[in-house]
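*Asks:* I am attaching a structure below and will ask some questions about it afterwards.
The values are calculated or read from the model by the stated rules, or taken from the named source; none is laboratory data. As the structure is a computational prediction, the values presented were derived from the model and not from experiment. Ideal geometry is used to build each Cβ from the backbone, glycine not excepted, and the neighbour counts take in all protein chains shown. All accessible areas refer to the heavy atoms of the entire protein, side chains included, with ligands and DNA or RNA removed. Shrake-Rupley method; radii C 1.70, N 1.55, O 1.52, S 1.80 Å.
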Amino acid sequence: MQIVWTSTLHSYMPIFVSFLHPLQQSQFLFYCCLISLSSLHAGKALNRPILRFQSSSWVRTVSRTGKSRGPEEPRIGVFICHCGSNIADIVDVKEVVDFASKFPNVVFAVDERYVCSEPGQALIRENIRKHKLNRVIVASCSPRMHETTFRKALEAEGLNPFLLEITNLREQCSWVHMHEPRKATQKAKVLVASAIAKATLLEPLTPMKFSVTPAALVIGGGIAGIQASLDLANIGFKVHLVEKTPSIGGHMAQLDKTFPTLDCSACILTPKMVDVSRHPNITLWSYSEVESISGFIGNFKATIVEKARYINKSLCTGCGTCASKCPVKTIPNEFDLGLGTRSVAYIPFPQAVPLIYTIDKENCLYFTKGVCRVCEKTCPFKAVDFNQQDKKVEIEVGTIVIATGYDLFDANRKPEYGYKQYKNVLTNLEFERLISAAGPTGGQLVRPSDGRAPKKIAFVQCIGSRDILTNPYCSRVCCMASVKQAHQAKEKYPDAKVFVFYIDLRTFGKGYEEFLWRVQEEGVNLVRGKVAEIYRKPKDENLTVLFEDTLLGQTREMDFDMVILAAGLEPRVDAQQIQKALKLSMSPDSFFLEAHPKLRPVETHIAGVYLCGCAQGPKDIPDVVAQASAAASQASIPLIQGEVVSEPTIAYVDKELCCSCKICESVCVYDAIEADETDEEKRAKVNEALCVGCGSCAAACPARAITMYGFTKEQISKQLAALLTEPT
Amino acid sequence: MTEFEPVIIGLTCNWCAYAGADLAGTSKIQYPPNIRIIRVMCTGRIEPEFIFDAFRMGADGVLIGGCHLGDCHYQEGNYKTALRVSITREVLKSLGIEPERVRLEWISASEGKKFSETVKSFIEEIRRLGPNPLKGAPEA
Ligand SMILES: Cc1cc2nc3c(=O)[nH]c(=O)nc-3n(C[C@H](O)[C@H](O)[C@H](O)COP(=O)(O)OP(=O)(O)OC[C@H]3O[C@@H](n4cnc5c(N)ncnc54)[C@H](O)[C@@H]3O)c2cc1C
Ligand code: SF4
Ligand code: SF4
Ligand code: FES
């Protein structure tokens, strides 16, 4: 509702007006009137439009601290960069310097080969001193490149860094008008004039500082979340690790061996899981979910819901009596992907952490039929508690790490491969459970149809990956997983024939290509070709694989008695819940989006929130662990610093102008501007820690009470005037 | 008479369209110099008055460039802009200014090509429309 409200009413969309409550309608119309009244009086005489504008008597000079702007006359210095030849070859920089020096407040203008270089910065600093400059303009590359560099130069001379204006003569002038040097020079002048116009109105701004709660929240207890939690806890911070399922471990716990070294997955994972449970700095919230998150970097508040296990976690010792006495033992075990069964009272796998049993309410005889309670009677520690309720807990943290992992691609979405239609077609993850000694068959690799050992096995690559109909991306782990599994199959049954059907085999990691060589030497056959379809022979449940052999250029068929589909990795179905709670962005593939693909790979757009593991995109365990440590280290920076500094280019409400309409409040998606409850007129007030400086409120405020620092109405208006004045 | 050279004001958000314009630059994709850009953090900052101001001061067209819907760096800024621009166009129409003189485009940081194509086609459109009808109108 909030979205409809904010983006319709206050963005005055006529179509929606009719759907609005009468009161909202009148507010809407009031707003429209204000807009048109305050900005222009329209009249039509002789069919010619005439605009008349209000005087700008409301122009204010309040700085963000409420003090009026420095009294000093602007003394502007203009530094025009050649960028080697990038700008100077097209734009006549000398002419632009001459042009700039004629402006009344410009006391100094110069060109320089590379303003961003050490000598270039020294030139700025020297002239700030020499000419007592109090505004600096750099006409160079995009402000997105070097803003920080130049701000630092100002700061070094004791000048407020926000008294800098950069204008873009390279990306948006010389590089795009390479064949029109005259026009490019004229445009460069206009751009410089606009910067001068803005610079005269620049104000010193001071970033705000906020204290940081020295604790972190890690969401997701797979290997990514485990590693991030341990790192943060070892640095010395309190960590809340929230895991949705009854045990941490994630997908890694389901794997048998791990490529390329073939370590047993449980052997390397279990010690880490135990470390988590024992670490004095880690609070493990298993079988729990994050319901909501509010606040901002350094000061997040999260509500965790700990779901009822119907077993008291402080009394349960993990003895398993409940599970063995429970009369219902035929529930498909999620951990074994339904290949095995469990009791209603269960732990997902023997090494579960925490080792606490859970009663699955939906299948429990007591909850469904009101009878039984056998576990309650037999538990030696009286740990069963049918009255347990979900528990809500509020925690406070300074930073958040998202490690919610992936879902396996649902092979049913590719019906041509017969998954779930033919008994002997399995996924790669099911293969892991079958071959695992702790799995449903005790490590026997057998055909589900008849329990027989397979003699001819096919691995079919890229199921739901590199496929425009499903997921266009590469899932990055399935090639190596199949090569590993082919090796395992050969190891179990040296006489079996094992084929891998691939489009490309991607074995890019350290030691991966060598592993592929080894597996080929063991006799695994690699066939380059996309499998089109799989048929079943009803008599013996054997399978025919139809594929295009791209090396021979032929369509061929081959018979197998077992087929493993290399299903890809997908974003979790429930990832949106976290995305919405934190207002994170997703990349087009629906994995969580990093702040920058190369330079800020574990940060998000929301300050204080970091990403790691397959939540950010498919990757193997070495990459997951490296990324988790990176995220932990990033997440520890604000915690170690103890305070965070916010951008000062945010909104400010002038109370004298505010009419308490609350329009801004409904427009702001960050809840950063609200009626000030301590003010008797309930006028609006900006929460400086929450405001991100988007400017939506300023554009919506009918009373023009809101100033956007760095992008004020007056500055933009002056820029417009300059841009629309032809240079001489 | 020399050919009419439209003056176009670009109002672009820092995260997408401005970055897209930068990419057009880094990729050296050429377009005519008729456009002059003002950078704001988000298109949600753009007041209808900026657009009115631009026309009052003599712009022949205003190009607003933001992130694709759903990609706004500040979640919903561009939705607000879309709605604001549509009403701004209505107001302009009632003032005798062709609403086509305001164009709104979603241009991502990776769409340098789209940025230059948009600028080119917009300049052509404004050329067809001719100069801003307010030019030469008496300030009352
Ligand atoms: C068949 C197969 C074989 C593989 N073999 C190998 C191999 O041999 N070697 C190798 O390096 N890699 C292998 N991989 C890849 C490996 O599985 C992943 O790299 C790794 O498990 C990813 O770890 P993760 O922590 O990012 O995600 P996950 O393991 O998916 O863990 C995510 C955790 O977060 C929890 N969670 C999710 N959402 C929430 C929420 N909202 N709140 C709380 N908790 C939540 C989940 O319950 C889960 O415990 C294989 C993958 C497959 C499919
Ligand atoms: S600042 Fe005041 S007048 Fe402006 S939108 Fe907010 S409540 Fe209304
Ligand atoms: S500028 Fe700040 S207060 Fe205004 S809408 Fe954006 S985040 Fe909210
Ligand atoms: S940040 Fe680009 S439109 Fe909002």
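*Asks:* Is it true that A:L690 is within 14 Å of chain B (Cβ to nearest Cβ), within 14 Å of ligand 1 (Cβ to nearest atom) and within 27 Å of A:F711 (Cα to Cα)?
*Replies:* So A:L690 does not fit the description; no.
*Asks:* What is the one condition in (1) more than 8 Å from ligand 4 (Cβ to nearest atom); (2) open to solvent by less than 10 Å² (accessible area, probe 1.4 Å) that B:H68 does not satisfy?
*Replies:* The single condition B:H68 does not satisfy is (2).
*Asks:* Residues of the range B:81-103 being under 16 Å from B:K135 (Cα atoms) and in contact with a strand residue (DSSP E or B) (Cβ under 8 Å, 6 or more places away or on another chain), which ones?
*Replies:* Correct list: B:L92, B:L95, B:G96, B:I97, B:R101.
*Asks:* Collect the residues in the range B:1-38 that are farther than 23 Å from A:I90 by Cα and outside any loop (DSSP other than H, G, I, E, B), keeping them in residue-number order.
*Replies:* Across the range B:1-38, the qualifying residues are B:L11, B:T12, B:C13, B:A17.
*Asks:* Moving on to the next point. Looking at A:V190, A:V212, which is the one that is facing chain B (nearest Cβ under 10 Å), in contact (Cβ under 8 Å) with a residue 60 or more places away in the chain and more than 30 Å from A:I359 (Cβ to Cβ)?
*Replies:* Within the list A:V190, A:V212, the selection yields A:V190.
*Asks:* Determine whether B:W106 is in contact (Cβ under 8 Å) with a residue 60 or more places away in the chain, touching a strand residue (DSSP E or B) at 6+ places or on another chain (Cβ under 8 Å), open to solvent by 10 Å² or more (accessible area, probe 1.4 Å) and of a type in the set (A, V, I, L, M, F, W, C).
*Replies:* When the stated conditions are applied, B:W106 passes them.
*Asks:* Would you say A:G710 is open to solvent by less than 10 Å² (accessible area, probe 1.4 Å) and within 14 Å of chain B (Cβ to nearest Cβ)?
*Replies:* no
*Asks:* Any residue at all in the range B:109-117 that's surrounded by fewer than 22 Cβ atoms within 10 Å (Cβ to Cβ), under 28 Å from A:T725 (Cβ atoms) and more than 12 Å from chain A (Cβ to nearest Cβ)?
*Replies:* No, every residue in the range B:109-117 fails to be surrounded by fewer than 22 Cβ atoms within 10 Å (Cβ to Cβ), under 28 Å from A:T725 (Cβ atoms) and more than 12 Å from chain A (Cβ to nearest Cβ).
*Asks:* Here is a further query. Within the range A:394-488, considering only strands (runs of 3 or more DSSP E) that don't extend past its boundaries, which have at least 1 residues that are within 16 Å of ligand 3 (Cβ to nearest atom) and small (G, A, S)?
*Replies:* none
*Asks:* Something else about it: Which one is nearest to ligand 2 (Cβ to nearest atom) among residues in the range A:713-725 that are within 8 Å of chain B (Cβ to nearest Cβ) and in a helix (DSSP H, G or I)?
*Replies:* The extreme case among them is A:K713.
*Asks:* Still on this structure, please answer the following. Can you list residue pairs whose Cβ atoms sit under 7 Å apart, with the first residue in the range A:486-500 being open to solvent by less than 90 Å² (accessible area, probe 1.4 Å) and the second being of a type in the set (S, T, Y)? Count only pairs 6 or more apart in sequence or on different chains.
*Replies:* Pairs found: A:V500/A:S482.
*Asks:* I would also like to ask the following. Taking the range B:46-89 as the region of interest, how many residues are more than 7 Å from every other protein chain (Cβ to nearest Cβ) and either free of Cβ contacts under 8 Å to residues at least 12 places away in the same chain or aliphatic (A, V, I, L, M) (or both)?
*Replies:* 8
To keep it simple, each residue is scored yes or no on (1) open to solvent by less than 80 Å² (accessible area, probe 1.4 Å); (2) polar (S, T, N, Q).
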| position | (1), (2) |
| --- | --- |
| A:C364 | yes, no |
| A:F367 | yes, no |
| A:C372 | yes, no |
| A:A383 | yes, no |
| A:K392 | no, no |
| A:T399 | yes, yes |
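*Asks:* Turning to a different aspect of this structure: Filter the range A:192-210 for residues that are at pLDDT 95 or above and among the hydroxyl-bearing types (S, T, Y); which is nearest to A:A100 (Cα to Cα)?
*Replies:* By that ranking, first place goes to A:S194.
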